[in-house]
Amino acid sequence: MRLSLLEAPTDRERVWRVAFRPMVGETSAEGSALKVLVAYNILVIALPPAPRAEVAARRNGRTLFLENHGNSNALLFDGRQCDAAGGNCRELPSRRLYAGNDWRLELPYDTPAEWRVEVAGKILNNRY
């Protein structure tokens with residue numbers, strides 16, 4: 001399967017979810033027969049010429065608000081937060097934060113939360 005972008009990239013990323021489903025045909029066999037069907041979805045992202053994610057954070061107690069003011073998505077993963085003594089660390093959920101979108105998250109502690117953040121193939125460690 002080949003997918004091609006037929007238009008030039010724009011200054012903001014474009015995102016598609018593409019579903020691949022099997023075409024089911026007749027099975028003919030004299031004995032037992034096994035038919036295996038596989039279907040899957042893929043995420044297609046056309047990046048702008050200069051992709052950037054600008055994740056802004058603000059806190060209200062244990063509520064964290066993240067907003068992406070950039071032109072490309074940011075994938076936040078391997079998130080964790082530890083208590084004030086640096087122990088009892090908890091895993092935090094992963095999320096793809098698309099350009100123009102926001103995420104509200106209730107945190108277990110009042111301390112900074114950390115994620116690895118991937119933008120256009122580059123990975124950074126961010127604290128919020």
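The values are calculated or read from the model by the stated rules, or taken from the named source; none is laboratory data. What you see is a predicted model; the values in this text were computed from it and never measured. When we count neighbours, we look across all protein chains shown, and the Cβ atoms used for this are built from the backbone with ideal geometry, even at glycine. The accessibility values were calculated without ligands, DNA or RNA, using every heavy atom of the protein model including side chains. Shrake-Rupley method; radii C 1.70, N 1.55, O 1.52, S 1.80 Å.
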Notebook entry, point to check: Inside the stretch 6-34, can you point out the residues that are open to solvent by 80 Å² or more (accessible area, probe 1.4 Å) and over 17 Å from A50 (Cβ atoms)?
Noted result: L6, E7, W16, R17, R21, M23, V24, E26, S28, E30, S32, L34
Item checked: Qualifying positions in the stretch 78-112 - more than 18 Å from A53 (Cα to Cα), open to solvent by less than 70 Å² (accessible area, probe 1.4 Å) and not in a strand (DSSP E or B) -> C82, D83, G86, G87, C89, P93, L107, P108, Y109, T111, P112
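Per-residue answers, yes or no, for (1) of a type in the set (V, I, T); (2) assigned to a loop (DSSP other than H, G, I, E, B); (3) open to solvent by 40 Å² or more (accessible area, probe 1.4 Å):
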position: I45; (1), (2), (3): yes, no, yes
position: A57; (1), (2), (3): no, no, yes
position: L66; (1), (2), (3): no, no, no
position: S72; (1), (2), (3): no, yes, no
position: L76; (1), (2), (3): no, no, no
Next item on the list: State which residue is nearest to M23 (Cα to Cα) when the search covers only the stretch 40-64 and only residues that are of a type outside the set (S, T, N, Q) and out of contact with any strand residue (DSSP E or B) (no Cβ under 8 Å at 6 or more places or on another chain).
Entry: L47
Margin query: One residue is enough: does the stretch 85-104 have a residue meeting the conditions within 22 Å of L43 (Cα to Cα) and of a type in the set (K, R)?
Written below: yes
